[in-house]
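> Before I ask anything, let me first share the structure, which is written out below as structure tokens.
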Amino acid sequence: MAQQLLMPKATAVWLVDNTALSFDQIALFCKLHPLEVKAIADGEASQGIKGLDPINTGQLSREEISAAEANPEVKLKLSEPKVRVPETKRKGPRYTPVSKRQDRPNAILWLVRNHPELKDAQVSRLVGTTKSTIEQIRGRTHWNAANLTPMDPVTLGLCTQIDLDLEVERAAKTRGAVPASEHGSVLVSARETEVATPVDDDGEKEIDADAVFAKLTSMKRTEPEEDEDV
């Protein structure tokens, strides 16, 4: 992406007021018409615009301006930025490498079977597919449905475990409580499976010996005494 001058008119106002550059030099640098620069100098245009110092913004150096002032033939050039801001990526479906695109139907089948709570948009975000493909796999009308095998998209490298957990948690919040009849039919996120109930070293709950002894004692006291033979 080509570097562009910040606020051209404000920069032109500053150059007119603070340098001896020609109108043509300023116009060429700021991509304005020379007559527009002349109108700025005469106070006929851009009267409400505050000048922007291109030196402070790092777009011009003092040496560059001095050299251009000394020679009207010198053209001003933008300085190289010290920090390059990465371009914002366009929002859209996740890009899937060509080598992994053949695995997407298997990943979709795994997701719709193990996480039926996920919406089509969520599945699309995870594996980079279309809504029509998801519907075909859900309805078993996909052209290759007979040969598909459910495969974890994380294992296939189509998404990360963090991405999958995030979508599962979002779906759980939207869906609400899972009916008791469906417990065990839906996978939970990896984060939830890491939480375990504390048990003792033998895998059993610790027994309170004092409580057991007290219970036995109370049972013994309430038993009726047998009649003695006379």
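The values are calculated or read from the model by the stated rules, or taken from the named source; none is laboratory data. Since this is a predicted model, take the numbers as computed values, not measurements. Backbone-built Cβ (ideal geometry, glycine too); neighbour counts: all protein chains shown. Just the protein is used for accessible areas: all its heavy atoms, side chains included, with ligands, DNA and RNA removed. Shrake-Rupley method; radii C 1.70, N 1.55, O 1.52, S 1.80 Å.
> Are any residues in the range 137-155 under 18 Å from Ser124 (Cβ atoms) and not in a loop (DSSP other than H, G, I, E, B), and if so, which ones?
Within the range 137-155, Ile137, Arg138, Pro153, Val154 qualify.
> Quick check on my filter: what residues within the range 137-175 are under 17 Å from Glu117 (Cα atoms), of a type in the set (Val, Ile, Thr) and over 19 Å from the mean Cα position of the chain (by Cα)?
Ile137, Thr174
Residues are listed down the side, and each one gets a yes or a no for (1) at pLDDT 90 or above; (2) not in a loop (DSSP other than H, G, I, E, B):
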| residue | (1), (2) |
| --- | --- |
| Leu6 | no, no |
| Thr11 | yes, yes |
| Leu15 | yes, yes |
| Ala20 | yes, no |
| Ala27 | yes, yes |
| Ser46 | no, no |
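> Exactly one condition in (1) touching an Asp or Glu at 6+ places or on another chain (Cβ under 9 Å); (2) farther than 25 Å from Glu80 by Cβ is false for Leu35; which is it?
Tallying (1) touching an Asp or Glu at 6+ places or on another chain (Cβ under 9 Å); (2) farther than 25 Å from Glu80 by Cβ, Leu35 fails exactly one: (1).
> Which count do you get for residues in the range 60-112 that are surrounded by fewer than 14 Cβ atoms within 10 Å (Cβ to Cβ), outside any loop (DSSP other than H, G, I, E, B) and at pLDDT 90 or above?
5
> While we're here: Go through the range 29-44 and count every residue that is part of a helix (DSSP H, G or I) and exposed (fewer than 13 other Cβ atoms within 10 Å of the Cβ). Before you say what the answer is, go through the steps one by one.
Applying the first criterion (part of a helix (DSSP H, G or I)) to the range 29-44 yields 29-30, 34-41.
Adding the requirement that they be exposed (fewer than 13 other Cβ atoms within 10 Å of the Cβ) leaves 35.
Total satisfying the criteria: 1.
> Here's a follow-up. Do we have Asp53 as modelled with pLDDT of 90 or more, surrounded by fewer than 17 Cβ atoms within 10 Å (Cβ to Cβ), acidic (Asp, Glu) and not in a loop (DSSP other than H, G, I, E, B) here?
Details: modelled with pLDDT of 90 or more: yes; surrounded by fewer than 17 Cβ atoms within 10 Å (Cβ to Cβ): yes; acidic (Asp, Glu): yes; not in a loop (DSSP other than H, G, I, E, B): no.
No; evaluated as a whole, the condition is false for this residue.
> To continue, here is another question. Considering only residues of the range 137-170 that are open to solvent by 50 Å² or more (accessible area, probe 1.4 Å) and of a type in the set (A, V, I, L, M), which is nearest to Asp103 (Cα to Cα)?
The selected residue is Met151.
> Could you list, in sequence order, all residues of the range 118-136 that are crowded, with 17+ Cβ neighbours inside 10 Å and either over 21 Å from the mean Cα position of the chain (by Cα) or in a helix (DSSP H, G or I) (or both)?
Across the range 118-136, the qualifying residues are Asp120, Gln122, Val123, Ser124, Arg125, Leu126, Val127, Thr133, Ile134, Gln136.
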